[in-house]
Amino acid sequence: MFTRRQILSTGGTAAAVGLATPAILRAQSWFASYPFALGVASGDPAPDGFVIWTRLAPDPMAPGAGVPPYAPPVQWEVADSERFNNVVARGEALARPELGHSVHVEIAGLQPDRPYWYRFTLGKDRSIRGRARTLPAAGASPQALRFGVCGCQNYEDGFYTAYRHLAAERDLAFVFHYGDFIYEYRQDNEFDKNGLPLPTVRRHAQRELYTLDDYRRQYAQYLTDMDLQAARCSHAFLSTFDDHEVRNNWVSDIDQDGVPPEIFALRKAAAMQVWYEHMPVRAALLPRGGAILMNRRLRYGDLAALNLLDTRGYRSDQPCGDGVKPVCPGISDPKASVLGSAQEAWLDANLGRKDATWSCLAQQVMMMPLDRRRFDDEKEKSLNMDSWAGYDAPRSRLMSRLAKIDNAIVLTGDEHQNFAGLLLDRDRPVAVECVITSISSGGDGQDLRPGSDRMLANNLQLKFINDQRGYGLCEVTPEAWKTHFMVLDKVTEPGLPIKRRATMTMPRGSATLSMG
Ligand SMILES: [Fe+2]
């Protein structure tokens, strides 16, 4: 451990003259405990690079995660083999206290469409090794794309076995994470189906989160899970957020408990900053004025374009008092918005580009306006007001936009179930939606939740339901888009095997799907 004066004098001098860290700092441990306890990650790949990430946390749950308020210089290296015998890029980045001692480095100048390995070093401590792939060159015509889809990982609901299996999936270009990376509250009780109390699998250390330190500790607790670390070091992630990164069912500056917007905005700003600190995203996503411009586009040669959407930050308040409710006049409010006007115009322009065969919308809340009735005593049709179903005007606009393009597919999270079905413009299919189940949220689940047969009967556009935990695997070729629904029998026991429950296939040139 060094004093603040030593750090400032030696580190400052080295940086000023462009030298590597002095030998004395390289030869020793900076902290009493291992500083890379939260692992490493990579994300937002491009044809010539990606972001690499780590956060110093020798004592993850302590104030400042055990790092005093200075900015240690962390060395990073990128190599073209896992043994690091040929380092192709290296440098030093400050782990700044303003950003929770996280490090984000945007790597550029690499070759397209190949794997690289990266690692970090501080003093004599070295991080685990991460792996990431660059994207194909912009003008390339790749014949196949394989990627993962996951999210909704309530730590209290189950083990991250799905992440261990996702880490072992070979040749993934990236993993799209649809959000709910953390949950912001502790469950006081969990119940079995007879209403009797159950033991929780694991406990959140904190009951509720408000401050920067609270949110930082929550991510630290999650990231000490080695299954999650295994997935994050194995593949580049496309990170987005949903509601629980901030607060259940928030939209814009509206908290569902009636907290004044200017007060809720403070909590949201803290949550957004800490999301940035822990995600392998580019500096373009740094929070400004408490908000993050998270929507972005990624193109995989001329095979597929992914539009990553933000369906929380600019949305108008949920109609009918939120929840699953019978239809009320609020759902047809012509001024309602899901994406906000700027993001909607951006998406509109993207969908007009003719530079990729498949147009994917990678987003959070369900687009199919499903009738949610499951039981005979539910007389009136009901909708999930926290999904696109509660927003008729913007949903209709998007459906008529999708009607003008071919090969549109939507990937969604939030539901803690798997669904596959058709998106309709009036009655005409215009796209396919795959909703991917949770990593752990909701606990073990079962193949079919009670009443699923009724949901299938009431919603002819819906072709598949499953209520188990797991992740999605997309396999894309010029001829077809396949989504495999990968599931586990239980998440309350660690280490169970993963299996392919079903596969959705959408052929090129027609908004139809088949399940196999
Ligand atoms: Fe969730």
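The values are calculated or read from the model by the stated rules, or taken from the named source; none is laboratory data. On a predicted model such as this, the values are computed, not experimentally measured, just so you know. All Cβ positions, even for glycine, are placed from backbone atoms using ideal geometry, and neighbour counts span all protein chains on display. Only protein heavy atoms, including side chains, enter the accessible area calculation; ligands, DNA and RNA are left aside. Shrake-Rupley method; radii C 1.70, N 1.55, O 1.52, S 1.80 Å.
Determine whether Gly445 is under 26 Å from the mean Cα position of the chain (by Cα), in the same structural domain as Leu370 (by TED's automatic domain parsing), under 29 Å from Arg247 (Cβ atoms) and open to solvent by 10 Å² or more (accessible area, probe 1.4 Å).
Yes; evaluated as a whole, the condition is true for this residue.
Which one of Tyr160, Tyr185, Tyr116 is of a type outside the set (Lys, Arg) and away from the ligand (no atom under 16 Å from the Cβ)?
Tyr116
Any residue in the stretch 435-454 that is touching a residue at least 40 places away in the same chain (Cβ under 8 Å) sitting within a Cβ distance under 9 Å of a residue that is hydrophobic (A, V, I, L, M, F, W, C) and open to solvent by 40 Å² or more (accessible area, probe 1.4 Å)? List the pairs, counting only those 6 or more apart or interchain.
Taking only residues 6 or more apart or on different chains, the pairs are Ser440/Phe159; Ser440/Val201; Gly443/Leu198; Gly443/Val201; Pro450/Phe375; Gly451/Phe375; Arg454/Phe375.
Looking at the stretch 379-392 only, could you name the residues that are assigned to a helix (DSSP H, G or I) and either touching a Ser or Thr at 6+ places or on another chain (Cβ under 7 Å) or free of Cβ contacts under 8 Å to residues at least 40 places away in the same chain (or both)?
Asp392
Listed here are the residues, each with its yes/no results for (1) over 21 Å from Asp180 (Cβ atoms); (2) not hydrophobic (A, V, I, L, M, F, W, C).
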site	(1), (2)
Ala271	no, no
Glu277	no, yes
Pro280	no, yes
Ala283	yes, no
Leu286	yes, no
Gly289	yes, yes
Met294	no, no
Asp302	yes, yes
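Restricting to the stretch 81-106, give me the number of residues that are of a type outside the set (Ser, Thr, Tyr), open to solvent by less than 70 Å² (accessible area, probe 1.4 Å) and under 21 Å from the mean Cα position of the chain (by Cα).
The qualifying residues number 5.
Among the candidates Arg353, Arg374, single out the residue that is surrounded by fewer than 23 Cβ atoms within 10 Å (Cβ to Cβ), under 26 Å from Gly151 (Cα atoms) and touching a residue at least 40 places away in the same chain (Cβ under 8 Å).
Arg374
Name the residues in the stretch 164-182 that are within 16 Å of the ligand (Cβ to nearest atom) and assigned to a loop (DSSP other than H, G, I, E, B), would you?
Scanning the stretch 164-182 gives Tyr178, Gly179, Asp180, Phe181, Ile182.
Filter the stretch 222-272 for residues that are part of a strand (DSSP E or B), away from the ligand (no atom under 16 Å from the Cβ) and buried (at least 23 other Cβ atoms within 10 Å of the Cβ) and give the result.
Once the filter is applied, which keeps residues that are part of a strand (DSSP E or B), away from the ligand (no atom under 16 Å from the Cβ) and buried (at least 23 other Cβ atoms within 10 Å of the Cβ), the stretch 222-272 yields Ala236, Phe237, Leu238.
What is the number of the single condition among (1) open to solvent by 50 Å² or more (accessible area, probe 1.4 Å); (2) within 16 Å of the ligand (Cβ to nearest atom) that Gln218 does not meet?
Gln218 satisfies all of (1) open to solvent by 50 Å² or more (accessible area, probe 1.4 Å); (2) within 16 Å of the ligand (Cβ to nearest atom) except (1).
Report every pair of residues separated by at least 6 positions or lying on different chains whose Cβ atoms are under 7 Å apart, first residue within the stretch 87-99 and under 17 Å from Met279 (Cα atoms), second open to solvent by less than 40 Å² (accessible area, probe 1.4 Å) and of a type outside the set (A, V, I, L, M, F, W, C).
Within 7 Å, the pairs are Leu94/Pro73; Ala95/Pro72; Ala95/His101; Ala95/Ser102; Pro97/Tyr70; Leu99/Glu277.
If a residue has to be more than 23 Å from Glu98 (Cβ to Cβ) and assigned to a strand (DSSP E or B) to count, how many in the stretch 30-87 make the cut?
Looking only at that region, the number is 8.
Can you give me the number of residues within the stretch 407-432 that are under 26 Å from the mean Cα position of the chain (by Cα), in a loop (DSSP other than H, G, I, E, B) and away from the ligand (no atom under 16 Å from the Cβ)?
Final tally of qualifying residues: 1.
Give just the number: which of (1) within 16 Å of the ligand (Cβ to nearest atom); (2) in contact with a strand residue (DSSP E or B) (Cβ under 6 Å, 6 or more places away or on another chain); (3) over 20 Å from Thr240 (Cβ atoms) does Cys150 not satisfy?
Checking Cys150 against (1) within 16 Å of the ligand (Cβ to nearest atom); (2) in contact with a strand residue (DSSP E or B) (Cβ under 6 Å, 6 or more places away or on another chain); (3) over 20 Å from Thr240 (Cβ atoms), the one that fails is (3).
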